[in-house]
Amino acid sequence: MTCASGLDTCAKVYVKGKVNGVSVTEYAKRCSTREMCLGTENSLCKREISAVLECRRSCCKTDLCNTDLRTDGLKCYECLSTSSWGECSEKGGTCAPGLNSCVKLYRRAKRDSVSITQYAKGCSTQNKCDERYSSLCRGQIYYGECDINCCSTDFCNTAAIQVINVIFLVLCAFLASLLMQ
């Protein structure tokens, strides 16, 4: 679909509410403006639904980026730790509509001689996963080191991938040392 002139943002919207006393749920993909997506008076949520109980929206700026609106919700591991991945106790959760990526995030910052380290897993949007623009790596604190890994299948942000990668690297190093002898 080609958006009309002036509509420069793609949006995915999940709205739960009431119309004339009847409960309704709406899932929609549409063209929008950045202001409509981010504004406090969000017209994306208000449309025909008179009493909005819940509204989730996700906006992005590349062609056809608002695909894959899952109504059942992506399932991701969720956790937060300031010390290590081992301390990041994992629990599974269902992402809110519009959150189409599981994220695994490590970030470290230093501000006024105070060091901050975070290990986190959870739900996000593909837009926030793009490190070049990610608000996960910037904000009020400048993160000197930020590593974001995103995926889009259920429970794909597990630590098992990291363990396999480490084992593979050790095996490669061992085989290389044998070949050099």
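Out of CYS102, CYS146, CYS129, CYS137, one residue alone is surrounded by 14 or more Cβ atoms within 10 Å (Cβ to Cβ) and at pLDDT 85 or above. It is CYS102. Taking the stretch 83-123 as the range and being of a type in the set (Ser, Thr, Tyr) and more than 20 Å from THR158 (Cβ to Cβ) as the test, the residues that pass are SER113, SER115, THR117. Here the condition is being of a type in the set (Asp, Glu), touching a strand residue (DSSP E or B) at 6+ places or on another chain (Cβ under 7 Å) and at pLDDT below 75; of GLU78, GLU41, GLU87, GLU26, it holds for GLU26 alone. Within the stretch 75-87, residues that are part of a strand (DSSP E or B) have Cβ atoms under 7 Å from residues that are of a type in the set (Asp, Glu) and loosely packed, with under 14 Cβ neighbours inside 10 Å in these pairs: SER81/GLU87, counting only partners at least 6 apart in sequence or on another chain. The numbered conditions (1) modelled with pLDDT of 85 or more; (2) surrounded by 14 or more Cβ atoms within 10 Å (Cβ to Cβ); (3) out of contact with any Phe, Trp or Tyr (no Cβ under 9 Å at 6 or more places or on another chain) are all true for THR153 except (2).
Among the residues of the stretch 109-126, just one is modelled with pLDDT under 80 and of a type in the set (Ser, Thr, Tyr), namely SER113. What do you reckon, is SER58 of a type in the set (S, T, N, Q), modelled with pLDDT of 70 or more and not in a loop (DSSP other than H, G, I, E, B)? So SER58 passes the test.
The values are calculated or read from the model by the stated rules, or taken from the named source; none is laboratory data. Every value quoted in this text rests on a predicted model; they were computed, and no experiment measured them. Heads up, the Cβs are rebuilt from the backbone with ideal geometry, glycines too, and the neighbour counts pull from every protein chain shown.
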